[in-house]
Amino acid sequence: MIKRRTFIVFFYFLIILLIYSEIFIVLKYYYENERYTILDGVYWVISTITTVGYGDVVFYSHIGKIFTIVVMLTGVLFVFGFVFPYVIMPWTEMKLKLSLPKSIEGLRNHIMVCGYNKMSEELCKQLYNHGIYYVLMDNSEENVRRTLEKNLKCVLSDMSVESFKKNGVEDAAAVVIMWEDVERVIDVLLTLGNYDVKKYVVFGDPFYIRYLHYAGASKVFTPKGIIAANIAKMILERMKKELKVKKILSNLGSAEILVGKDSVIVGKKLGDIEREFNVEIVAMCKRGEFFFNPEKDRIIKVGTIMLVVGEEKDVVSLFHVAW
């Protein structure tokens, strides 16, 4: 495609060059009584259309000066209106696409995260903070560039078997799929059907849980369902003053924490709580209103249920000040 566009640009430039050269010769002969060859015409057009203008060959008549202006404007419009958007920019985009990483070598016992969004970004940060190797895979060039700018380990992938092999699916500890498009999630599950690796899906609509299991999901997480199913457990934990942290990987765990009316964290910002206790609050629920990756400036209120991820000791520390 780029070669074809380059040829077209060169072809049109050659036509413009020959036409303007002929006009130059005619104007010089009939309006200024000067004879020039076609080579002189090509020389003058190129030096004028590129706005170099050495000044050794110039027009003195009014019509000649008008023609000179037309040639200069043609050069500017040709470059910025045709060459730049149709040749230079596509070529640059192609180079940028080629430079995006498509695999990370040497990964073992790592987590493969499919699909970029705020939740997967937070997951990758948590994995990194706890020394767990990961690779974030996405098929959007824009998303990959955005994540690379944030220093996340991300690769451009077409989600094919070959792409998963290049990124060590055979040695992976688990695959986490976090897209909101159910068809894309199912495609990845079917692609990985022959691999004996845990496949976890985070999906918001419980209607599709059965189909996702049929497609090969080891576990489907619906944040709303998790919180609703554990309200009774959280109340019991508060009464016993004990918290059971679900272990995810290594020393990384998660728990749902209910904020009581006498808690010292009531009125504080979510971001301040995360920094103070070294945890990530990946979801919140208050009076039936659910928030994925809530804003860092959101205020903690009484009755808020928080889905907290972090080291067990840090999650427990937050639990003891939350009830």
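Please treat every number below as a calculation from the coordinates, not as lab data. All values reported here derive from a predicted model rather than from experimental measurement. Cβ: placed from backbone, ideal geometry, glycine included. Neighbour counts: every protein chain shown.
Worth a mention:
- Taking the DSSP beta bridges with both ends in the chain, the antiparallel portion is around 55 percent.
- Inter-part distance, the stretch 157-193 to the stretch 30-81, computed on C-alpha centroids, equals 60 Å.
- Cα-based helix-to-principal-axis angle, 38-49 vs the chain, degrees rounded to 10: 40
- Sparse-neighbour loop sites [GluC sites (Glu not before Pro); the stretch 148-192; at most 15 other C-beta within 10 Å; DSSP]: Glu180
- Estimated from helical segments only, the mean residue ellipticity of the chain at 222 nm is -14500 deg cm²/dmol, where each DSSP H run of four or more residues counts as -39500 (n - 2.57).
- Using a Gaussian network model of the chain in which every pair of alpha carbons under 10 angstrom is joined by a spring, one finds that among Val264, Val201, Val308 the greatest mean-square fluctuation is at Val264.
- Gyration tensor (alpha-carbon) shape descriptor, the chain, a/c threshold 1.5: prolate
- Normalised by the number of residues in the chain, the average gap of Cα pairs under 8 Å and 6 or more apart makes the relative contact order 11 percent.
- Cα gyration tensor shape for the stretch 82-167, rounded if a/c is under 1.5, else prolate or oblate: prolate
- Pairwise centroid distance, computed over Cα atoms, of the stretch 299-323 with the stretch 6-28, Å: 73
- The count of lysine pairs in the stretch 26-148 whose Cα atoms are under 25 Å apart, excluding pairs fewer than 8 places apart on the same chain, comes to 5.
- About the Cα centre, charge dipole magnitude for the chain (Lys/Arg +1, Asp/Glu -1 at Cβ), debye: 980
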